[in-house]
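Derivation of every value follows stated rules applied to the coordinates shown; laboratory data play no part. What you see is a predicted model; the values in this text were computed from it and never measured. Every residue, glycine among them, receives a Cβ derived from its backbone with ideal geometry; neighbour counts consider all protein chains shown.
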Amino acid sequence: MAFEHDTITPYKNDAGSKKEQVAKMFDQIAFRYDFLNRFLSAGIDVGWRKKAIRQLKDLQPKTVLDVATGTADVALLTYKLLKPEKIIGIDISEGMLELGRKKIADKHLEKMIELQGGDSEAINFGDASFDAITVAFGVRNFANLEKGLAEMLRVLKPGGKMVILEFSKPKMPGIRNLYNLYTRIVAPQAGRMIAKNKDAYQYLNDSIEAFPEGKAFLKIMESVGFSNVQLKPLSFGICTIYCGSK
């Protein structure tokens, strides 16, 4: 089944597939990605990531797959908070992975955290390979949402858990108005000035608007086979944690 967000792409006049365009976009903004995350969220995004990772605390996973790992923020935080034996991070953007590997090397964690080029819709691992899977701000970028979720379920061990952190739209009128101003005007302009790429941050807004959030997303998780699905809104609903088990 196709969803509206599957068709949202960063570059309107680019003939490339969504996957190709997303990889190109992240390669182009990689050098400013971490700074813009902290700047645009006033640092709140770090707290969001920590809350998501703590959903795995009771599970105490030994092996973790971080999908759409980017510059390895979640992989590094996961190691700090949970100390699993091994974390594998995959991403389609080599530019982002290159920066992530430098951050891992700076902390001398190369044996614990490994980053690989990889596609969320064709994960290069066998069935039941991981105790837990994390995805932070990545599922909006899937070209086929159901396929990506089904692949993550496939490589998850029985009893394992997936935790997704994703942007959502606040429901409170006042907060919603401020949020719309921010995502539609402030973020794209900041992207243009700081990362020299307004399209990337316009895409951020467009993909959030089209994403099937909240209970609709839980239903999609259930439809591909996840059980015990639940959600937890953060910061007035600006962001949401989604959990599902196998």
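Counting pairs on different chains as well as pairs 8 or more places apart, how many Lys pairs in region 107-246 have Cα atoms under 17 Å apart? Close lysine pairs found across region 107-246: 13. Exposure proxy shown here: for 151, 114, the number of other Cβ atoms within 10 Å sets the order, fewest to most, as 114, 151. With the largest listed first and rounded to whole Å, the semi-axes of the equivalent ellipsoid of the chain from the Cα gyration tensor are 25, 21, 18. When 17, 235 are sorted by how many other C-beta atoms sit within 10 angstrom of their C-beta, beginning with the fewest, the order is 17, 235.
Provide, for q = 0.24 Å⁻¹, the log10 of I(q)/I(0) from a solvent-free Debye sum over equal Cα point scatterers in region 196-246. Evaluating at q = 0.24 Å⁻¹ gives log10 I(q)/I(0) of -0.90. If both residues of a DSSP beta bridge must be in region 4-245, then about 40% of such bridges are antiparallel.
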